[in-house]
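Asks: Before we start, here is the structure in question, set down as structure tokens.
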Amino acid sequence: MAPKGDTLSNPIPLVDIQSSEDQRNIAIDRVGVRKVKYPIRVRERDNGNQQTVGEFTLTVDLPREFKGTHMSRFLEVLGQHNHDLGSETIPDILTALRDKLNAETAHLEVDFTFFREKAAPVTGKTGMMGYQCGFDAAGGKTEEFWLKLVVPVTTLCPCSKEISEFGAHNQRGYVSVRVQPRAHIWLEDLIDLIEACGSAPLYPVLKRPDEKFVTEQAYSNPRFVEDMVREVALRLDADDRVQAYEIEVENHESIHDHNAYAYLQRRKD
């Protein structure tokens, strides 16, 4: 026999501890859930939507008078938006979080792998290339939206090329960019912009004619990390869709036991 009150028709009242009063008089800036994996659809520039998996952090502010927030409500809001994610839908998710949790400000961070089919430069052989991308957004008392992505490139050392009789050393560089747009900008546009600044792009499939092409392309376009952040900055400065940005470049050095690093941030007037 079920315990008394253990039915929907005669439920036992459950105490809402989270909504009880807290006496410590300390507000919390952000509280919520992290590492929430959820299927999402990300909009593509040319092919509609792409199915991928996002890892979310969802938070709200907590007033000093409340003991806790209701963690399950974050997942409820996420599930109500039909897996659709983009600059057009994120404000709706943030509004729903604020309404559901009686908060003044809500924050959403999501990281995901964005795939593109990429053709080799000579043979045209194609493969899928994955890029680590994401969105950071806030809605309420603070309003912000950032695109973020990490683009791998080949960089060839200008100093090595200048002083060596035979060739030059190169490395894989990782360009991490955060962009605050003033108008809609596609992830593909930013990926293309960044790849154009390296000594050569990376490809998923290369045959021998492609490898020859990429090797010679890199040799003709040597880049320090300092060159990389400046080249990316020049292109972002010239893009009217960009309001502010941060650029971080790290080269995994092939002949040193350390990495080369550079960072630059700027907000346009």
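The values are calculated or read from the model by the stated rules, or taken from the named source; none is laboratory data. Predicted model, so just to flag it, every value in this text is computed and none were measured. Here the Cβ is made from the backbone with ideal geometry for all residues, glycine too, and neighbour counts use every protein chain on show.
Asks: Consider PRO201 against the criteria (1) within 20 Å of THR52 (Cβ to Cβ); (2) of a type outside the set (Phe, Trp, Tyr); (3) crowded, with 18+ Cβ neighbours inside 10 Å; (4) touching a residue at least 40 places away in the same chain (Cβ under 8 Å): it satisfies all of them except one. Which criterion is unmet?
Replies: (1) is the only condition that PRO201 fails.
Asks: I'd like the full set of residues that are over 28 Å from PRO121 (Cα atoms) and either surrounded by 14 or more Cβ atoms within 10 Å (Cβ to Cβ) or outside the structural domain of LEU156 (by TED's automatic domain parsing) (or both), limited to region 222-242.
Replies: Scanning region 222-242 gives ARG241, VAL242.
Asks: Further question: With respect to ASP192, determine if the residue is touching a residue at least 60 places away in the same chain (Cβ under 8 Å) and among the acidic types (Asp, Glu).
Replies: no
Asks: Among the listed residues ILE194, ILE93, which satisfies the condition of being assigned by TED's automatic domain parsing to the domain that holds PRO39 and β-branched (Val, Ile, Thr)?
Replies: ILE93
Asks: May I pose another question? Does LYS100 count as basic (Lys, Arg) and assigned by TED's automatic domain parsing to the domain that holds LEU85?
Replies: yes
Asks: Next question. Do any strands (runs of 3 or more DSSP E) lying entirely in region 116-214 carry at least 1 residues that are under 30 Å from THR59 (Cβ atoms) and acidic (Asp, Glu), and which ones are they?
Replies: By residue number, 126-140, 144-156.
Asks: Going through TYR245, TYR219 one at a time, which residue ends up being surrounded by 14 or more Cβ atoms within 10 Å (Cβ to Cβ), of a type outside the set (A, V, I, L, M, F, W, C) and part of a strand (DSSP E or B)?
Replies: Within the list TYR245, TYR219, the selection yields TYR245.
Every residue, every condition in (1) at pLDDT 90 or above; (2) in contact with an Asp or Glu (Cβ under 7 Å, 6 or more places away or on another chain); (3) of a type in the set (Gly, Ala, Ser); (4) surrounded by 11 or more Cβ atoms within 10 Å (Cβ to Cβ), yes or no:
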position: GLN18; (1), (2), (3), (4): no, no, no, yes
position: GLU21; (1), (2), (3), (4): no, yes, no, no
position: VAL33; (1), (2), (3), (4): yes, no, no, yes
position: LYS37; (1), (2), (3), (4): yes, yes, no, no
position: ARG41; (1), (2), (3), (4): no, yes, no, yes
position: THR52; (1), (2), (3), (4): yes, no, no, yes
position: GLU55; (1), (2), (3), (4): yes, yes, no, yes
position: LEU62; (1), (2), (3), (4): no, no, no, yes
position: PHE66; (1), (2), (3), (4): no, yes, no, yes
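Asks: Pick from ALA200, ALA218: which is of a type in the set (A, V, I, L, M, F, W, C), in the same structural domain as ILE247 (by TED's automatic domain parsing) and in contact with a helix residue (DSSP H, G or I) (Cβ under 6 Å, 6 or more places away or on another chain)?
Replies: Answer to the selection: ALA200.
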